[in-house]
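Trainee: Below you will find the structure I want to go over with you.
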Amino acid sequence: MDSFELKFPDKVLDSITEEEFYLLCQQNRDLRFERTFDKRIIIMTPGGGIIGNKGMRIGARLDAWNEQTNLGYTFDSSTGFTLPNAAIRSPDASWVAKARWEALSLAEQERFPPICPDFIIELMPPSDRLSELHKKMEEYQSNGCRLGWLIDSVKRMTYIYHSEGMIETPFNKVLDGEMVLPGFSLNLTKIF
């Protein structure tokens, strides 16, 4: 998904509160925003049809696994999470363990939940820069994400971020949810 940064003077960026950022998002529902840890505002352009279709199919599989196990809660790309470093990020698909999600108040759950998902998926469209998405994945990991998959549909590679670091794997390998998503697997050759 392409993105571009809104340019504001630093003084303005420093003064935008989380409440004001939330209102900006609410008043512009046709746009998808993220905010970096240093309060830069990023507008995410809509993804193309192929990536949107693949993302829906992957998210459906994650949700089906969660329905069977009842271990947590799944989220789509419209959910913004406030990470511990104050960034507000919206992964393409994500999952939060039940006890962690239910420990949040209803008010926290309704806005940009102050929690880093336990598991995230980011899909890389052809127009994005791999280096930028690697930085984003590292940010998730440093903020508490236990497992992340960055799926590069052009190179047909998946970059798996977990406790041992990052590893690359080709699409012909079935992805494993490891201890984070016990019993969850994803065969990308059936989707791409």
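The values are calculated or read from the model by the stated rules, or taken from the named source; none is laboratory data. Because the structure is predicted, anything quoted here is derived from the model rather than measured. Ideal geometry is used to build each Cβ from the backbone, glycine not excepted, and the neighbour counts take in all protein chains shown. For accessibility, only protein heavy atoms count, side chains too; no ligands or nucleic acids. Shrake-Rupley method; radii C 1.70, N 1.55, O 1.52, S 1.80 Å.
Trainee: Give me the percent relative contact order of the chain, please, defined on Cα pairs under 8 angstrom at least 6 residues apart. All intermediate terms of the calculation are to be shown ahead of the outcome.
Mentor: Values: 318 pairs, mean separation 29.8, N = 192.
Once normalised by length, the contact order is 16 percent.
Trainee: Quote the charge dipole size of the chain about the Cα centre in Debye, to the nearest 20; the model charges only the Cβ of Lys and Arg (+1) and of Asp and Glu (-1).
Mentor: Charge dipole, the chain, about its Cα centre: 460 debye, nearest 20.
Trainee: Okay, moving on. Using only the heavy atoms of the protein chains and a 1.4 Å probe, how would Tyr73, Tyr22, Tyr140 rank by accessible area, largest first? All intermediate terms of the calculation are to be shown ahead of the outcome.
Mentor: Working: Tyr73 75, Tyr22 40, Tyr140 5 Å².
Result of the area sort, largest leading: Tyr73, Tyr22, Tyr140.
Trainee: If Phe119, Phe75 are ordered by their accessible area, calculated over protein heavy atoms with a 1.4 Å probe, which sequence runs from highest to lowest?
Mentor: Heavy-atom accessible area, descending, gives Phe75, Phe119.
Trainee: Ok, one more. Accessible area, 1.4 Å probe, largest first: how do Phe112, Phe21, Phe37 sort?
Mentor: Phe37, Phe112, Phe21
Trainee: Before I look further, what does the chain give for accessible area per residue, probe 1.4 Å, in whole square angstrom?
Mentor: Details: 9990 Å² over 192 residues.
Per-residue accessible area for the chain comes out at 52 Å².
Trainee: May I pose another question? As I understand it, the dipole of the chain uses +1 on the Cβ of Lys and Arg and -1 on the Cβ of Asp and Glu, about the Cα centre. Which of Ser142, Phe21, Leu188 lies farthest toward its positive end?
Mentor: The residue sitting most towards the positive pole is Leu188.
Trainee: How much solvent-accessible surface does Glu110 expose, in Å² to the nearest 10, with a 1.4 Å probe and all protein chains in place?
Mentor: Per-residue accessible area (Glu110): approximately 120 Å².
Trainee: Please give the solvent-accessible surface of Glu122 in Å², to the nearest 10, using a probe radius of 1.4 Å with every protein chain present.
Mentor: Accessible area of Glu122: about 10 Å².
Trainee: Quick one: pull the percent of accessible area on the chain belonging to carbon and sulfur, 1.4 Å probe, ligands and nucleic acids left out.
Mentor: Working: 5370 of 9990 Å².
On the chain, the fraction of accessible area on carbon and sulfur atoms equals 54 percent.
Trainee: Starting from the coordinates of the alpha-carbon atoms of the chain, obtain the Kirkwood hydrodynamic radius over all distinct pairs and give the value in Å to one decimal.
Mentor: 17.1 Å
Trainee: Another question, then. I'd like the antiparallel share, as a percent to the nearest 5, of DSSP beta bridges with both residues in the chain.
Mentor: Working: 32 of 38 bridges.
DSSP beta bridges in the chain are roughly 85 percent antiparallel.
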